[in-house]
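Participant: Please find one structure pasted underneath; my questions will follow.
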Amino acid sequence: MSKQLLIYERAVPVTRQRHGSWSVKAGASFDFARSVNSVPLMVAEFANSAAEYTIVFGGAEDEIIPVALLGIRDSENLYVSDSGAWAGNYVPAFLRRYPFVFSSDNANEADATFTLCVDEEFSGCNDEGRGERLFDADGERTQYLQNVLGFLQAYQVQFQRTKLFVKRLQEFGLLEPMQAQFTLRSGQRSTLSGFSVVNRDRLKALSPEQLSELMQADEMELVYLHLASLRNLTPIAERIGGPVDAAPATDTAPASPADFETSGNA
């Protein structure tokens, strides 16, 4: 599974001195994600994502995080069309926040200071007035930039919430490595590995106290959404060689903090 942060080529802190005249036109093209076959997924996105993506757990040890599979081969995203449009109904927040990202000055996030950065190599960044201005004529943050900050702050809160969910799954011993094998339309065999899933038998064997803990934390629903999403593996593989323009996304606008309020208390 690919390293997701490779979509950022040159992320630098946003300042009025450097970006005072800049505008950003985002959401029109997802070419930047064309070679990414999975992206991190926050728990608040499970309900919207489970219908069309496969949700699995990528990484190792303390770095495990839920991801949405976008392809079954390295460097291949089956949800970006030839024209650069997103060929899916839901665009993961990890991609909608691009070209912006927080950088941290401390490995301990509880004590960290976060700085808003922008990938200056993004094709939508310009000083020609295309898209949304970052600063107004007086050098103050525009409402657009304020919305970006609000979204990234909400994303960071959800990131911590997601880490707690994964930590509980690990403490209960529910995650196990998995690989999937496919026969493509061409007859070629393909194997996808490097991810984990919840083991159904171990889930059934949890104690009443552990089950209650999952329920009280609103995490049992997340587990079932993850397990149900595994049925999407075959439809994703069937996109290889098929028309990826068949189902373009209806909303590819940059996210707002409210986008993380669609999954109850998750």
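The values are calculated or read from the model by the stated rules, or taken from the named source; none is laboratory data. As the structure is a computational prediction, the values presented were derived from the model and not from experiment. In this analysis, Cβ positions are derived from the backbone assuming ideal geometry, glycine residues included, and neighbour counts consider all displayed protein chains.
Participant: Filter the stretch 117-153 down to residues that are closer than 15 Å to V14 by Cα and hydroxyl-bearing (S, T, Y) and give me whichever is surrounded by the fewest Cβ atoms within 10 Å (Cβ to Cβ).
Facilitator: Among them, the one singled out is T142.
Yes/no matrix, rows are residues, columns are (1) in contact with a helix residue (DSSP H, G or I) (Cβ under 7 Å, 6 or more places away or on another chain); (2) of a type in the set (V, I, T); (3) more than 30 Å from R200 (Cβ to Cβ):
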{"site": "R130", "(1), (2), (3)": "no, no, yes"}
{"site": "L134", "(1), (2), (3)": "yes, no, yes"}
{"site": "Q143", "(1), (2), (3)": "no, no, yes"}
{"site": "L175", "(1), (2), (3)": "yes, no, no"}
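Participant: Here's a follow-up. Would you confirm whether or not the stretch 96-117 contains a residue that is farther than 19 Å from Y155 by Cβ, over 13 Å from the mean Cα position of the chain (by Cα), of a type outside the set (S, T, N, Q) and at pLDDT 95 or above?
Facilitator: There is no residue in the stretch 96-117 that is farther than 19 Å from Y155 by Cβ, over 13 Å from the mean Cα position of the chain (by Cα), of a type outside the set (S, T, N, Q) and at pLDDT 95 or above.
Participant: For E176, indicate whether it is among the charged types (D, E, K, R), within 24 Å of the chain's Cα centre (by Cα) and exposed (fewer than 14 other Cβ atoms within 10 Å of the Cβ).
Facilitator: It is true that E176 is among the charged types (D, E, K, R), within 24 Å of the chain's Cα centre (by Cα) and exposed (fewer than 14 other Cβ atoms within 10 Å of the Cβ).
Participant: Failed condition for L214, given (1) exposed (fewer than 14 other Cβ atoms within 10 Å of the Cβ); (2) at pLDDT 95 or above; (3) not in a strand (DSSP E or B), with all others met?
Facilitator: L214 satisfies every listed condition except (1).
Participant: Something else: Only one residue in A87, A68 is surrounded by 20 or more Cβ atoms within 10 Å (Cβ to Cβ), of a type in the set (A, V, I, L, M), modelled with pLDDT under 95 and touching a Ser or Thr at 6+ places or on another chain (Cβ under 7 Å), so which one is that? Talk me through it step by step, then tell me what you get.
Facilitator: Numbers: A68 fails: modelled with pLDDT under 95.
A87 is the lone residue from the list that is surrounded by 20 or more Cβ atoms within 10 Å (Cβ to Cβ), of a type in the set (A, V, I, L, M), modelled with pLDDT under 95 and touching a Ser or Thr at 6+ places or on another chain (Cβ under 7 Å).
Participant: Follow-up. Determine, yes or no, whether P40 is surrounded by fewer than 22 Cβ atoms within 10 Å (Cβ to Cβ) and in contact with a Phe, Trp or Tyr (Cβ under 7 Å, 6 or more places away or on another chain). Write out each step before concluding.
Facilitator: Working: surrounded by fewer than 22 Cβ atoms within 10 Å (Cβ to Cβ): yes; in contact with a Phe, Trp or Tyr (Cβ under 7 Å, 6 or more places away or on another chain): yes.
Taking the combined requirement at face value, the residue satisfies it.
Participant: Turning to a different aspect of this structure: Answer with yes or no whether R96 is closer than 15 Å to G124 by Cβ and either among the hydroxyl-bearing types (S, T, Y) or in contact (Cβ under 8 Å) with a residue 24 or more places away in the chain (or both).
Facilitator: yes
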